[in-house]
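A short worksheet on the structure shown next.
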Amino acid sequence: MLCGDVMTGRGVDQILPHPGDARLHETWARSALRYVELAEEANGPIEKPRDFAYIWGHALEEIERRAPHARIANLETAVTTSDDAWQGKGIHYRMHPGNVACLAAARLDCCVLANNHVLDWGRGGLAETLATLRGAGIRHAGAGRDADEAGAPAVLELSAGGRVLVVGAAFESSGVPPQWAAATGASGVNLVRDPSPAGARALVAAAQAVRKPTDLLVVSIHWGDNWGYAIDPGERAFAHALVDAGVDIVHGHSSHHGKAIEVHANRPILYGCGDLVNDYEGIEGEEVYRPDLRMIYFVDIEPGAGLGRLQVVPFRARRMRLERASLQDRAWVAGLMDREARRFGAAPAQVVVA
């Protein structure tokens, strides 16, 4: 199971059992509660507090029904009580550590942290995020106490046997400040400095050093703009280079909506998985992209054999909860996937909207 941005900070944090400090440093809103009000104005009142499973809604039933061997998400928020807001940054996301059980409610195996919000509350906030996830039994990739930890793969042992290795990384194009790059003796994110084939091989070198023949290798990467369907040629070339270097799945995110899926050498490249959980309800201006529709991606793939089938399961966000998508909404997503896949010559028959 793969999904894009899980943004449990700010307004989402405020409806959970342990809301943190609601103060914001934004020019538009000074309290995270304003985002709760927007969602309520759009879709009706939200009783508070909600239990930890609430935000997953009907998606939780779908995930449990499918029982995926591994569950991977991009966690785009710090999990901290730190007040050390990163200076010069317009938006800061944080979730109270007491609400980490909302991630455990979906039984996430790995949270990717290479993104443009994990250090919103400073390096102390990152340290608390790492410690909180470890305490909850959730592995992480893409950020760490130094460059080695940030670049190391998360190793997911599968109950059915075998392992999934997850490497997390980010491009500056997603809004990651260059100062956030992890270095020797300095915590931060695994920032891609060299978007070349050699850089792709270097990105997965640590994972390849410990990889077994039965392991699957996933690179989860935060890149590109929030809005728009265009695929940057450099990002596409880098994705191809990752697959050529032995990566089984390229798991892209940063866009607030779903983007194209490509199958290269029988390996799937998800250029943008879109947001799954956020507090954007009621914010107007980008309706053409249908950001209210959220997707979970279920990938059937075998080591050495490549992609069997990739199913995209859409949901609709309402009152900060995922509800089943209507037939019309599923048809809209199917049309989107078909149209965007044709950018690469043909719609991949292995990708279906369920």
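Taking the conditions exactly as written (over 18 Å from Asp275 (Cα atoms), among the small types (Gly, Ala, Ser), buried (at least 20 other Cβ atoms within 10 Å of the Cβ) and in contact with a Cys (Cβ under 7 Å, 6 or more places away or on another chain)), does Ala154 satisfy them or not?
It is true that Ala154 is over 18 Å from Asp275 (Cα atoms), among the small types (Gly, Ala, Ser), buried (at least 20 other Cβ atoms within 10 Å of the Cβ) and in contact with a Cys (Cβ under 7 Å, 6 or more places away or on another chain).
List pairs: first in the stretch 219-247 and under 21 Å from Thr77 (Cβ atoms), second among the acidic types (Asp, Glu) and open to solvent by 20 Å² or more (accessible area, probe 1.4 Å), Cβ under 8 Å, 6+ apart or cross-chain?
Listed pairs, sorted by first residue: Trp223/Asp232; Gly224/Asp232; Trp227/Glu286.
Please pick out the residue among Val210, Val192, Val204 that is under 25 Å from Thr77 (Cβ atoms) and either surrounded by fewer than 19 Cβ atoms within 10 Å (Cβ to Cβ) or within 22 Å of the chain's Cα centre (by Cα) (or both).
So the residue among Val210, Val192, Val204 that is under 25 Å from Thr77 (Cβ atoms) and either surrounded by fewer than 19 Cβ atoms within 10 Å (Cβ to Cβ) or within 22 Å of the chain's Cα centre (by Cα) (or both) is Val192.
What do you reckon, is Gly282 surrounded by 23 or more Cβ atoms within 10 Å (Cβ to Cβ), touching a residue at least 60 places away in the same chain (Cβ under 8 Å) and at positive phi?
It is false that Gly282 is surrounded by 23 or more Cβ atoms within 10 Å (Cβ to Cβ), touching a residue at least 60 places away in the same chain (Cβ under 8 Å) and at positive phi.
Ala341 - would you say it is part of a loop (DSSP other than H, G, I, E, B) and either at pLDDT below 95 or under 20 Å from the mean Cα position of the chain (by Cα) (or both)?
Here the answer is no, as Ala341 does not meet what is asked.
On the given criteria, is Val312 among the β-branched types (Val, Ile, Thr) and closer than 15 Å to Ile231 by Cβ?
Spelling it out, it is not the case that Val312 is among the β-branched types (Val, Ile, Thr) and closer than 15 Å to Ile231 by Cβ.
Given the stretch 198-293, what strands (runs of 3 or more DSSP E) lie entirely inside it while holding 2 or more residues that are over 30 Å from Leu38 (Cβ atoms)?
216-222, 249-253, 261-264, 267-270
The values are calculated or read from the model by the stated rules, or taken from the named source; none is laboratory data. Note that the structure is predicted; figures quoted are calculated from it, not measured. Methodologically, a virtual Cβ is constructed for each residue, glycine included, from the backbone with ideal geometry; neighbour enumeration extends over all protein chains shown. To get the accessible areas, we keep the full protein, side chains included, count just its heavy atoms, and leave off ligands, DNA and RNA. Shrake-Rupley method; radii C 1.70, N 1.55, O 1.52, S 1.80 Å.
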